[in-house]
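Report on the structure given below.
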Amino acid sequence: MSDLNLRIPGPVPLPEEVLQATGRQMINHRGPEFAEIISRMTANFKTVLGTRGRAYFLTASGTGSMEAAIVNTLSSGDRVLSISIGSFGNRFGDIAEAYGAEVTRMESEWGEAADPEMVRRTLRSMPDCAAVVVTHNESSTGVMNPIEQISRVVHDESDALVLVDAVSSAAGVPLPMDDWGLDVVGTASQKSWIAPPGIAMIAMSDRAWRAHETSTIPKYYFDIDQYEKFLQIGQPPFTPALSTIYALDHSLQAIIDEGVEEVLTRHAARAQQTRNGAKRIGLEIFPDESIASDTVTAIRVPSDVDGKAMISHARNVYNVELGGGQEKLAGQIIRIGHMGWVMPEHIDESINAVAKTLSDLRNK
Ligand SMILES: *Cc1c(COP(=O)(O)O)cnc(C)c1O
């Protein structure tokens, strides 16, 4: 199965040299070599995000970064505005609620982006809002939120922190954290960062750090105090997923060496290629193209074919693994992931597989 074209929105396929990095022998995570690795990774991660804030690596999936954002900045009973445009947006609101926040939910139709002016109106009705939780790139619908405008509105209207699920956007689309006033950005190794699953990353502004100092939500494993304290001596508080760390260290350096701008431009080009390809074979992009994601493309399944059958046929016959629709979009959309190290031929191959799958299913 080595030539499977894995086109889901994470985990992403890994180039040979990253696979080799994961195969390295274990080291002492409290030794000098690890200290060197963690210091290089922290600096590179902050460079990619354009932040002078703090940054930490947690052993968790992406959801761990969302949970860390909540437990480290909020207190039980805090009012939170959850902006949701899909299933990951709902998850962020659910996590806040699970920890006792009082969550107001602002939801958009799936396939649409959040409207910054609606955020403004909603915030005016909640003057004591402590934080806004919002997805940057909604992987379930292939929509990118106008996160810069949303952040601007939040800071105009309130003292609320802006906590961003950037799991599927960071390192794939522009996200200058400090310039855009984002307070916590969470992401994960298996997305555009081109590493295996296992490491969640978070970056925090000074405002977020100050909120952390008074946050009373109970926490232990994700308590950022421990990560900060240990980082000072070049260590993690707990044993990290070392194999993933090796790969992520390699990939972070590769991103810096290629150039952040170049990496983002490459993602935009593959996204455009995917949208053009889908349209060329007669398919419709699920969201309006002006808000379409540059890391995952959602495509409407034509009404005369079964979306689930498309996914299994493309897998079984053409060796292309597509993403399906989640929850209420099950069977209605297919998703093509193009985050990470993606070449034009991977996209061509995926579009061809979709075209041939459609024709096979229609002529059965
Ligand atoms: C992948 C993803 C997550 C995290 O998923 P995990 O399975 O916990 O890694 C969160 N938000 C978005 C938008 C994602 O795409």
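Could you check the range 55-68 and list, in sequence order, the residues that are assigned to a helix (DSSP H, G or I) and away from the ligand (no atom under 12 Å from the Cβ)? Once the filter is applied, which keeps residues that are assigned to a helix (DSSP H, G or I) and away from the ligand (no atom under 12 Å from the Cβ), the range 55-68 yields nothing. Is the range 72-84 home to any residue that is closer than 18 Å to GLU327 by Cβ and under 14 Å from the mean Cα position of the chain (by Cα)? Within the range 72-84 (the criterion being closer than 18 Å to GLU327 by Cβ and under 14 Å from the mean Cα position of the chain (by Cα)), the answer is no, since none of the residues qualifies. Would you confirm whether any residue within the range 33-54 is assigned to a loop (DSSP other than H, G, I, E, B), touching a Leu at 6+ places or on another chain (Cβ under 7 Å), more than 16 Å from the ligand (Cβ to nearest atom) and not β-branched (Val, Ile, Thr)? No, the conditions are met nowhere in the range 33-54.
Taking the stated definitions as given, is ALA114 farther than 14 Å from VAL153 by Cα and free of Cβ contacts under 8 Å to residues at least 60 places away in the same chain? Answer is no for this residue. Selection of first residues in the range 231-251 that are more than 12 Å from PRO196 (Cβ to Cβ) and at pLDDT 95 or above and of second residues that are among the hydroxyl-bearing types (Ser, Thr, Tyr) and not in a helix (DSSP H, G or I), restricted to Cβ pairs under 6 Å at least 6 apart or on distinct chains, gives the following pairs, ordered by first then second residue: PRO240/THR59.
Suppose the filter is touching a strand residue (DSSP E or B) at 6+ places or on another chain (Cβ under 9 Å), surrounded by fewer than 20 Cβ atoms within 10 Å (Cβ to Cβ) and modelled with pLDDT of 95 or more; does MET118 pass it? Yes, satisfied. Candidates in the range 74-89 are the residues that are away from the ligand (no atom under 13 Å from the Cβ) and free of Cβ contacts under 8 Å to residues at least 60 places away in the same chain; of these, the one that is farthest from ARG210 (Cα to Cα) is SER82. Within the range 94-103, the presence of at least one residue that is surrounded by fewer than 17 Cβ atoms within 10 Å (Cβ to Cβ) and within 16 Å of the ligand (Cβ to nearest atom) is confirmed.
Yes/no matrix, rows are residues, columns are (1) polar (S, T, N, Q); (2) in a strand (DSSP E or B); (3) near the ligand (Cβ under 9 Å from one of its atoms):
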position: VAL132; (1), (2), (3): no, yes, no
position: SER140; (1), (2), (3): yes, no, yes
position: ARG152; (1), (2), (3): no, no, no
position: ASP156; (1), (2), (3): no, no, no
position: VAL162; (1), (2), (3): no, yes, no
position: ALA171; (1), (2), (3): no, no, no
position: ASP178; (1), (2), (3): no, no, no
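Scanning the range 215-230 for residues that are more than 19 Å from THR63 (Cα to Cα), in contact (Cβ under 8 Å) with a residue 60 or more places away in the chain and more than 24 Å from the chain's Cα centre (by Cα) yields a total of 2.
If we scan the range 204-214, do we find a residue that is touching a residue at least 12 places away in the same chain (Cβ under 8 Å) and assigned to a strand (DSSP E or B)? Yes - at least one qualifying residue is present in the range 204-214. Going through (1) of a type in the set (Val, Ile, Thr); (2) more than 16 Å from the ligand (Cβ to nearest atom); (3) assigned to a helix (DSSP H, G or I); (4) over 23 Å from GLY172 (Cβ atoms) one by one, VAL71 falls short only on (2). Close contacts from the range 270-281, counting a first residue that is without any contact (Cβ under 8 Å) to a residue 60 or more places away in the chain and a second that is surrounded by fewer than 16 Cβ atoms within 10 Å (Cβ to Cβ), with Cβ to Cβ under 8 Å and a gap of 6+ residues or different chains, come to ARG275/GLU289. Residue pairs whose Cβ atoms lie under 7 Å apart, separated by 6 or more positions or on different chains, with the first residue in the range 1-25 and touching a residue at least 12 places away in the same chain (Cβ under 8 Å) and the second among the acidic types (Asp, Glu), are LEU4/GLU321; ASN5/GLU321; ASN5/GLU349; LEU6/GLU321; ARG7/GLU321; ILE8/GLU321. Would you call SER125 of a type in the set (S, T, N, Q) and more than 27 Å from SER192 (Cβ to Cβ)? For SER125, the condition - of a type in the set (S, T, N, Q) and more than 27 Å from SER192 (Cβ to Cβ) - is met.
Condition check for PRO127 on (1) within 16 Å of the ligand (Cβ to nearest atom); (2) surrounded by fewer than 20 Cβ atoms within 10 Å (Cβ to Cβ): one failure, at (1).
Taking into account only those residues within the range 267-296 that are in a helix (DSSP H, G or I) and surrounded by fewer than 18 Cβ atoms within 10 Å (Cβ to Cβ), which is nearest to the chain's Cα centre (by Cα)?
ALA268
The values are calculated or read from the model by the stated rules, or taken from the named source; none is laboratory data. Everything numeric in this text was worked out from a predicted model, so none of it was measured. Cβ sites come from the backbone with ideal geometry, for glycine too, and all protein chains shown count toward neighbours.
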